[in-house]
Amino acid sequence: MPMIYFDNAATSWPKPPAVRAALDEYFGEAGGNPGRSGHRMSVAAARIVENAREVLAALFNASDPSRILFTHNATHALNLALYGLLRPGDHVLTTSMEHNSVMRPLRHLEGLGVEVTVIACTPDGRVDLEAVRRAIRRETRLLVTTHASNVAGRLNPVGDLAALAREAKIAHLVDAAQTAGSVPIDVRETGVDLLAFTGHKGLLGPTGTGGLYIRDGLTLAPLLRGGTGSDSAHETQPEFLPDAHESGTLNLAGIAGLGAAVRFLLEIGIEAVRAREQNLVAQFLAGASDISGITLYGPKDAALQCGLVSFNVGGAVPSEVGLILDESFGIMARTGLHCAPSAHRTLGTFPTGTVRFSFGWFNTPAEVEKALEALRQIAVWAAREAAVSHQEAVKTWTA
Amino acid sequence: MDGLISFFASHHAIRAEAVLKRNGLAAQLIPGPKDLSPNCGVALRFNYAIREEALALLAAKNVRIDGVHFYRPRTDNWNLFQAERR
């Protein structure tokens, strides 16, 4: 049975061959530590890091590569931005569609005296710009919004939100975990102040990589302090970028792979990736809306969502659908709650969750058609099971 | 298999599968049914009759579990359904 991987929003698979080659080259040929020593291997590793930083800056149209900081993932980048900017007494605005990588740090900061306002989105995941504008007050320091929901896929109007933030003289942090590498993002054109991204999803790089773009003129307190290979005579943290926020040895192998992945994407063009994923979403939405028993969530319009779809099959819970998809059809999907309880409440899918298909550059229309055929069969089965049987489940022992 | 063990994190689920299999017991990881436990993405099917032995083995290895369930999922009927349609 051929495998169909529809979980690219969790991590993309497969990675381009150039990524595997870059890792092999790093481990075999250029494995020094940049900035620590001046020898040729150290310099070779430094070139790998700076090349990756440059192609990322080009990808997001950042003014200067030194404004791109490497982190371990988007969660790390979001924590750096939130803890680096917010202080007790500050007010922060966010939306009900955010992932726990934003919500959990914010709920912790709330305990430290930061005031948090969560703007309720519509049941299909749309944020009301007027509601955001109305919630801004004198103490408001930051607006945090996802670029696209990891549950419903809806794309937020980043340019409009950034303009609104700029007008109110507050910073705007965008969580691009689901869009970096698969939806075009231009930080200068949109005026985004902070952009958090991960390397292993749309960017097609290895896990353990990610980063934060910081607009020129904005300063953050470091999340970690330590050795940077620079300013080594001093026991205080350097203030210049990127060193201020890159203490400790970087994930060099991962960054080597990420650089190769971004070069691969720049060659294809992000517009082409976006077009391919949008076509797969449109094909899925058209097919699924004709299947009796399937409920779709989110905008249900490929132009308004990133490369993912969320749905349920009437009469079945998401884990049942996921098990059959995997075992009988070789289709890998994510099921249940996608680490975003507030988003599920907004969509009305809490606590059961949804089945999520997330497409990537390497998926094909034939795979989507196979999945639709699988869902046609599962929908018939689920409707019949719901009528004739129930799941026997009794909890008999609890920790 | 008519039993299910749910966990708080996949760390424990993966370890539990290894412990049971190493001791010759049938075990299969499946997507965690949210209606039984909201905590973890995967759960472990096993034979309910040997639950005391299984629990003792897991406790001995410090594997933390959320709960034990008698569990006969409807998805077991899926293969019958497909056979009928052929």
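Hey, what's the Cα Rg ratio for region A:128-274 versus the globular rule of thumb, 2.2 N^0.38 Å? Let's see the in-between values first.
Numbers: Rg = 17.1 Å, N = 147, 2.2 N^0.38 = 14.7 Å.
The reported ratio for this selection is 1.17.
First measure r as the distance between the Cβ atoms of A:I268 and A:T364, then evaluate 1/(1 + (r/R0)^6) with R0 = 22 Å and state the FRET efficiency to the nearest 0.05. Could you put the intermediate results ahead of the total?
Values: r = 15 Å, r/R0 = 0.70.
Rounded to the nearest 0.05, the efficiency is 0.90.
Provide the packing ranking of B:26-33, B:56-63, A:125-132, i.e. peptides ordered by the mean count of other C-beta atoms within 10 Å per residue, highest first.
On the way: B:26-33: 19.6, B:56-63: 13.5, A:125-132: 17.4.
Descending mean neighbour count gives B:26-33, A:125-132, B:56-63.
Let me spell out the model: positive unit charges on the Cβ of Lys and Arg, negative unit charges on the Cβ of Asp and Glu, origin at the Cα centre of chain B. What dipole size does that give, in debye rounded to 20? Walk me through the intermediate numbers first.
Working: 12 positive and 8 negative charges, 43 e Å.
Result for chain B is approximately 200 debye, rounded to the nearest 20.
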Inset, instruction - Mind jotting down the distance between the C-alpha centroids of region A:10-27 and region A:232-299, whole Å? - result: 14
Inset, instruction - Let me know the whole percent of all Cα-Cα pairs from region A:340-399 that are separated by more than 18 Å. - result: 65
Legend entry - Partner lysines for B:K34 [C-alpha distance under 16 Å; skip if fewer than 8 residues away on the same chain]: A:K395
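Only helical DSSP H runs with n ≥ 4 go in: add -39500 (n - 2.57) per run for the protein assembly as shown, normalise by residue count and round the 222 nm mean residue ellipticity to 500 deg cm²/dmol. Can you show the working numbers first?
Numbers: 15 runs with 189 residues, N = 485.
Roughly -12500 deg cm²/dmol at 222 nm, from the helical runs in the protein assembly as shown.
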Inset, instruction - Name the residue farthest towards the positive end of the dipole of chain B from the options B:G24, B:S6, B:L36, assuming +1 on Cβ of Lys and Arg, -1 on Cβ of Asp and Glu, about the Cα centre. - result: B:G24
Inset, instruction - With everything on Cα atoms, drop me the angle between helix A:365-388 and the longest principal axis of chain A, reported from 0 to 90° to the nearest 10. - result: 50
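Report D for region A:32-80 in µm² per second (integer): Stokes-Einstein, Kirkwood Rh on Cα pairs, 37 °C, 0.692 mPa s. Write out the running numbers ahead of the final one.
Numbers: Rh = 11.9 Å.
Answer from the Stokes-Einstein relation: 276 µm²/s.
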Legend entry - Dmax and Rg, reported as Rg then Dmax, of region A:27-132 (C-alpha, Å): 19.3, 58
Inset, instruction - Would you work out the relative contact order for chain A, in percent, from Cα pairs under 8 angstrom that are 6 or more residues apart? - result: 23
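Semi-axes of the equivalent ellipsoid for region A:249-377, please: Cα gyration tensor eigenvalues, times 5, square-rooted, ordered largest first, whole Å. Let's see the in-between values first.
Numbers: eigenvalues 156, 67, 46 Å².
Computed over region A:249-377, the values are 28, 18, 15 Å.
Nothing charged except the Cβ atoms of Lys and Arg (+1) and of Asp and Glu (-1): what's the magnitude of the dipole of chain A about its Cα centre? Round to the nearest 20 debye.
440
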Inset, instruction - With N denoting the number of residues in the protein assembly as shown, provide Rg(C-alpha) divided by 2.2 N^0.38 Å, to two decimal places. - result: 1.03
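Do you know the relative contact order of region A:262-314, to the nearest whole percent, from alpha carbon pairs under 8 angstrom that are 6+ apart? Let's see the in-between values first.
Numbers: 44 pairs, mean separation 19.0, N = 53.
Reported as a whole number, the value is 36 percent.
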Inset, instruction - Could you list which residues have their amide H under 5 Å from that of A:I119, counting only those 5 or more apart in sequence or on another chain, with H placed in the peptide plane? - result: A:T94, A:T95, A:S96
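Please state the equivalent ellipsoid semi-axes for chain B: what are the square roots of 5 times the Cα gyration tensor eigenvalues, largest first, in whole Å? Each step should come with its number before you reach the end.
On the way: eigenvalues 117, 43, 23 Å².
Computed over chain B, the values are 24, 15, 11 Å.
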Inset, instruction - Take the Cβ-Cβ distance between A:D290 and A:R345 as r, set R0 to 35 Å, and report the resulting FRET efficiency rounded to the nearest 0.05. - result: 0.75
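Averaged across A:318-325, how many Cβ atoms of other chains sit within 10 Å of each residue's Cβ atom? Could the numbers behind the result be given before it?
Values: counts 4, 12, 8, 2, 6, 6, 6, 1.
Average neighbour count from other chains, rounded to a whole number: 6.
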Inset, instruction - Give me the lysines in straight-line cross-link reach of A:K201: C-alpha distance below 21 Å, same-chain residues under 8 apart excluded. - result: A:K15
Inset, instruction - Kindly express, to the nearest 10 degrees and within the range 0 to 90, the angle between helix A:17-29's C-alpha long axis and the longest C-alpha principal axis of chain A. - result: 40
Inset, instruction - Would you grab the residues whose amide H sits under 5 Å from the one on A:E392? Only those 5+ places off in sequence or on another chain, please, with H modelled 1.01 Å from N. - result: B:R72, B:R74
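Quick one: work out Rg over Rh on the C-alpha atoms of region A:148-207, Rh as Kirkwood radius. Please list the in-between numbers first.
On the way: Rg = 12.0 Å, Rh = 12.1 Å.
Across region A:148-207, the Cα-based Rg/Rh ratio is 0.99.
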Inset, instruction - Averaging sequence separations of C-alpha pairs under 8 Å and six or more residues apart, then dividing by the length of region A:1-124, give the relative contact order as a whole percent. - result: 14
Inset, instruction - Please determine, in degrees from 0 to 90 and to the nearest 10, the orientation of helix B:51-60 with respect to the longest principal axis defined by the Cα atoms of chain B, where the helix direction is its Cα long axis. - result: 40
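Antiparallel as a % of all DSSP beta bridges within region A:115-224, to the nearest 5?
Details: 6 of 14 bridges.
About 45 percent, rounded to the nearest 5.
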Inset, instruction - For region B:8-86 and region A:338-387, write down the distance between their C-alpha centroids in whole Å. - result: 23
Legend entry - In sequence order, calculated HN-Hα J values of region B:20-29 (Karplus, 6.51, -1.76, 1.60; Hz; x Gly/Pro): 5, 5, 4, 9, x, 9, 5, 7, 9, 6
Inset, instruction - Mind giving me the FRET efficiency for B:R22 and A:R104? R0 is 45 Å, r the Cβ-Cβ distance, nearest 0.05 is fine. - result: 0.80
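Quick note: the coordinates plus some simple rules give every number you see, no bench work behind them. Everything quoted here is computed from the prediction, not taken from an experiment. Neighbour counts run over all protein chains shown; Cβ positions are idealised from the backbone, glycine included.
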